[in-house]
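A.B. asks: Can you keep this structure in mind? I'll have questions shortly.
Values quoted throughout were computed directly from the atomic coordinates according to the rules given, and no laboratory measurement underlies them. Note that the coordinates shown come from a computational prediction; the quantities given were computed from them, not determined experimentally. Cβ placement follows ideal geometry from the backbone for every residue including glycine, while neighbour counts extend to all protein chains displayed.
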Amino acid sequence: MKKRKLGIYIHIPFCVRKCLYCDFPSAPADRQEQGYYMRQLMKEIRSFEPLGNLYEIKSVFFGGGTPSILPPEQIRRVLGRLCNQFLFEDDAEITIECNPGTLTREKLAAYRECGINRLSIGLQSADNAMLKLLGRIHTWEDFLESWKLAREAGFTNINIDLMSGLPGQTFGGWSDTLEKVAALEPEHISAYSLIVEEGTPFYERYGTAEGQRLLPDEVADRDMYHHTGKFLAEQGYHRYEISNYAKDGYECEHNKIYWTCGDYLGFGLSAASYVDGRRFQNPVDPKEYYAHIGEGYRMFRQMPAQSEKDAIEEYMFLGLRMMRGVSVAEFEARFGRDYRSLYGKQTDELIRRKLLQVQDGRICLTERGIDISNTVLANFIFD
Ligand code: SF4
């Protein structure tokens with residue numbers, strides 16, 4: 001039987017210290033706590049052994065948190081466990097998120113040795129004042145050191161994460177960050193706008209009407225966004241998702257699994273899975289997560305399949321985030337439904353308003369549609 005393709009996400013919820021804008025499930029922890037978590041995580045992975053007969057791994061993504069905070073031996077063990085349970089595609093993409101200040105030559109060599117072939121480095125800004133404001137643990141110079149070590153270790157597929165729309169950030173400041181980063185020629189750049197999340201120190205500072213005045217306004221934010229696409233295109237990057245840019249051949253395979261509603265399994269605190277039409281999310285609370293581990297696989301099997309309505313809406317929402325959009329033929333093959341009878345009316349109207357376009361049988365956002373993507377995507381929710 002032909003095995004289906006699977007992405008694996010491993011959540012490592014540890015950071016050196018909490019950034020001021022961050023609402024991800026992550027926190028500082030000592031070696032003992034880290035070790036306990038990793039042992040539980042291994043148990044959780046083992047409990048999904050029965051899926052090994054059905055799936056072949058296309059990508060693994062260690063995210064967080066700061067996975068690079070761990071001794072590399074812990075990462076090696078997880079990959080070893082996965083290798084025991086699953087077949088890997090020959091060219092499986094294996095990524096680890098790293099933060100400057102947590103990488104060493106030895107760690108990077110160990111990553112290479114255990115098969116990691118992609119790094120995703122959280123830089124956010126090339127401006128030290130901005131990094132300090134964000135509560136990051138590193139400077140631009142620390143990042144440069146990590147970058148140099150990563151290239152010397154032989155990594156040829158590296159993403160750099162950036163963030164625009166920061167408090168007090170000017171157009172010039174953002175374009176300076178872009179120029180400095182592009183000059184290094186990473187294979188991939190993710191550039192998201194800051195979202196001020198409730199429950200973070202940033203929310204207290206910038207969540208009020210007064211605080212919001214310290215953030216770039218919507219016009220400035222769109223100017224930065226447009227400049228990003230134009231500048232990076234000149235540097236040889238194509239935008240393939242609203243906030244992601246890659247050199248040819250270096251799109252992130254793991255994220256594409258999410259955006260095309262492919263199968264993925266998430267292990268660790270708060271990790272989400274989507275397998276066989278079933279959605280599942282691990283508890284966010286560590287105590288609940290540990291208590292659930294023994295039951296995880298059984299609960300997962302008992303999850304009802306997603307409703308057709310939810311599956312279709314999600315497919316459109318995620319697919320339209322990609323610049324290549326949604327193929328009408330693939331949509332109809334996947335759901336056995338006629339696209340036009342479901343979405344013909346809104347699609348025609350959005351095309352008339354120049355927010356959507358059709359290219360080679362695919363429905364995709366126009367530049368104008370990208371600017372108000374949330375409004376456009378809301379049209380794909382069923383009444
Ligand atoms: S390094 Fe990332 S996950 Fe950790 S606190 Fe900062 S933003 Fe959050």
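A.B. asks: Sort 148-154, 90-96 by the packing proxy (mean of other Cβ within 10 Å over each peptide's residues), most packed first.
C.D. replies: 90-96, 148-154
A.B. asks: Here is a further query. Please give me the summed charge of the neighbours of N128: other residues whose Cβ is under 15 Å from its Cβ, Lys and Arg +1, Asp and Glu -1.
C.D. replies: -2
A.B. asks: Sticking with this one: Using a cut-off of 13 Å between beta-carbons, work out the net charge of the residues near G168 (Lys and Arg +1, Asp and Glu -1, G168 not included).
C.D. replies: +1
A.B. asks: I would also like to ask the following. For region 231-383, with equal point scatterers placed on the C-alpha atoms only and solvent neglected, what are the log10 I(q)/I(0) values from the Debye formula at q = 0.12, 0.15, 0.19 1/Å, to two decimals?
C.D. replies: Taking Cα atoms of region 231-383 as identical point scatterers yields -0.62, -0.89, -1.18.
A.B. asks: Among H227, H138, H188, which comes first, then next, by fewest other beta-carbon atoms within 10 Å?
C.D. replies: With the sparsest Cβ surroundings first, the list reads H227, H138, H188.
A.B. asks: Most fluctuating residue of S373, S146, S120 in a GNM of the chain with Cα springs under 10 Å: which is it?
C.D. replies: The residue that fluctuates most here is S373.
A.B. asks: Straight-line reach from K43: which lysines have a Cα under 18 Å away, not including same-chain ones fewer than 8 places off?
C.D. replies: In chain and number order, the partners are K287.
A.B. asks: Neighbour counts of other C-beta atoms within 10 Å: give me R362, R213 arranged from fewest to most.
C.D. replies: Lowest count first: R213, R362.
A.B. asks: Another question about this same structure. Could you calculate, for region 227-310, the ratio of the Cα radius of gyration to the Kirkwood radius, expressed as Rg to Rh?
C.D. replies: Expressed as Rg/Rh, it is 1.15.
A.B. asks: So if we plug the beta-carbon distance of L144 and E113 into 1/(1 + (r/R0)^6) with R0 = 22 Å, what FRET efficiency do we get, rounded to 0.05?
C.D. replies: For L144 and E113, the calculated efficiency is 0.35.
A.B. asks: Once you measure Cβ to Cβ distances between cysteines in the chain, which Cys have no partner under 4.7 Å?
C.D. replies: C15, C83, C98, C114, C252, C261, C364
A.B. asks: Per residue, how big is the convex hull around the C-alpha atoms of the chain? Give it to me in cubic angstrom, could you?
C.D. replies: Per residue, the Cα convex hull of the chain comes to 153 Å³.
A.B. asks: Of the GluC sites (Glu not before Pro) in region 182-228, which ones lie in a loop per DSSP and count no more than 15 other C-beta atoms within 10 Å?
C.D. replies: Of the GluC sites (Glu not before Pro), the ones in loops of region 182-228 whose Cβ has at most 15 other Cβ atoms within 10 Å are E197, E198.
A.B. asks: Say we join alpha carbon atoms closer than 10 Å with springs in a Gaussian network model of the chain; which of I189, I372, I75 then has the biggest fluctuation?
C.D. replies: Result: I372 has the largest fluctuation of those listed.
A.B. asks: Largest first and in whole Å, what are the equivalent-ellipsoid semi-axes of region 308-378 based on the Cα gyration tensor, each being the root of 5 times an eigenvalue?
C.D. replies: One finds semi-axes of 18, 12, 11 Å for region 308-378.
A.B. asks: Okay, next question. What number, in percent, do you get for the relative contact order of the chain if the mean sequence gap of Cα pairs under 8 Å and at least 6 apart is divided by its residue count?
C.D. replies: The value is 15 percent.
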